[in-house]
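Chemist: Let me give you the structure first, and then I'll get to my questions.
The values are calculated or read from the model by the stated rules, or taken from the named source; none is laboratory data. All figures in this text were calculated on a predicted structure; none of them were measured in a lab. Don't worry about glycine lacking a Cβ; one is built from the backbone with ideal geometry, like all the others, and counts go over all protein chains shown. Side chains included, ligands, DNA and RNA excluded: accessible areas come from the protein's heavy atoms. Shrake-Rupley method; radii C 1.70, N 1.55, O 1.52, S 1.80 Å.
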Amino acid sequence: MTATHVLFVEDDDVIREATQLALERVGFTVTASPDGLTGLERFHADRPDIALLDVMVPGLDGVSLCRRIRDESTVPVIMLSARADSIDVVLGLEAGADDYVTKPFDSAVLVARIRAVLRRFGHASGPDGGRQPSDAPVVAVSEPLRFGDLEVDTEGMEVRRGGETIGLTPTEMRLLLEFSAAPGTVLSRDRLLERVWDYDWGGDTRVVDVHVQRLRAKIGQNRIDTVRGFGYKLRG
């Protein structure tokens with residue numbers, strides 16, 4: 001089995017070297033870069049399976065680098081931030097990141113988060129990485145699901161709005177599949193974290209909120225309702 005290739009962009013020499021060693025110890029192949037511009041070059045040259053991007057790196061900051069990557073690829077991205085600041089978290093997620101980890105972090109936690117993201121994307125996740133392929137919800141129908149002008153093809157994994165194909169990231173697709181499997185049913189943020197982000201532990205619900213916002217922008221702002229204090233539901 002080919003080892004999962006991780007692009008790691010971090011300007012702190014100690015953190016970069018220690019984290020690279022920790023990831024390689026559990027079976028990942030790691031390309032480490034000290035700044036965003038070099039990181040972008042390595043992304044183009046190596047085409048990694050996942051990118052870990054520190055928010056505050058020189059040359060091209062992590063949020064801008066995430067946007068550049070997302071413009072051309074749906075490869076999973078995890079942002080790393082020295083602060084749990086809402087601004088850092090939201091900017092990274094709005095740029096297209098799939099998850100984030102706050103520094104300082106335990107290497108075992110980082111590995112678990114990487115593997116959870118890779119499972120969602122259907123990648124192998126290194127030795128003893130757990131389930132594969134992705135355990136996305138299965139909607140047992142052969143015909144596309146229709147919600148107004150929205151059409152969800154659960155077999156072809158395509159989404160169309162008004163007959164035009166919409167480009168969703170794998171995380172956005174998984175989120176929409178969860179809603180499509182239970183239209184009109186309120187889904188709590190905790191349930192979505194567990195089902196879409198594969199969190200067996202508590203997680204930050206801002207990840208859910210920002211992804212719902214991104215999904216709304218693509219499928220229609222009125223297609224997903226907020227049920228205050230409970231969660232979200234897809235209009236049937």
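Chemist: What's the longest uninterrupted piece of the chain once you rule out the trypsin sites (Lys or Arg not before Pro) that are loop residues per DSSP with at most 12 other Cβ within 10 Å? Before the final figure, lay out each step's value.
Modeler: Numbers: sites that count: Arg83, Arg131, Arg228.
Longest stretch, sites excluded: 132-227.
Chemist: Here's another thing I want to ask about it. I need to check one value: relative contact order of the chain, counting alpha carbon pairs closer than 8 Å and at least 6 residues apart, in percent. Don't jump to the answer; show the numbers that get you there.
Modeler: Working: 403 pairs, mean separation 31.7, N = 236.
Worked out over the chain, it gives 13 percent.
Chemist: For the Cα atoms of the chain, what angle does the longest principal axis make with the long axis of helix 13-25, in degrees from 0 to 90, nearest 10?
Modeler: 70
Chemist: Could I have the simple spin-label model distance between Asp46 and Val227, label points 7 Å from Cα toward Cβ, reported in nm to one decimal?
Modeler: 4.4
Chemist: Keeping every protein chain present and rolling a 1.4 Å probe, give me the accessible area per residue for the chain in Å². Each step should come with its number before you reach the end.
Modeler: On the way: 10680 Å² over 236 residues.
Heavy-atom accessible area per residue stands at 45 Å².
Chemist: Continuing with this model, one more query. So, R0 is 45 Å and r is the distance between the beta-carbons of Asp12 and Thr185; what FRET efficiency does that work out to, to 0.05?
Modeler: Working: r = 45 Å, r/R0 = 0.99.
Given R0 = 45 Å and the Cβ-Cβ separation, E is 0.50.
Chemist: Leaving ligands, DNA and RNA out of it, report the carbon-plus-sulfur percent of the accessible area of the chain at a 1.4 Å probe. Walk me through the intermediate numbers first.
Modeler: Numbers: 5210 of 10680 Å².
Heavy-atom surface of the chain belonging to carbon and sulfur, 1.4 Å probe: 49 percent.
Chemist: On C-alpha positions alone, give me the angle between the axis of helix 170-181 and the longest principal axis of the chain, in degrees, nearest 10.
Modeler: 30
Chemist: Where both partners of a DSSP beta bridge lie in the chain, what percent of those bridges are antiparallel, to the nearest 5?
Modeler: Values: 16 of 33 bridges.
Of all bridge pairs located within the chain, approximately 50 percent are antiparallel.
Chemist: Taking the 0 to 90 degree range and rounding to the nearest ten, how far is the long axis of helix 62-72 tilted relative to the main principal axis of the chain, both from C-alpha atoms?
Modeler: 60
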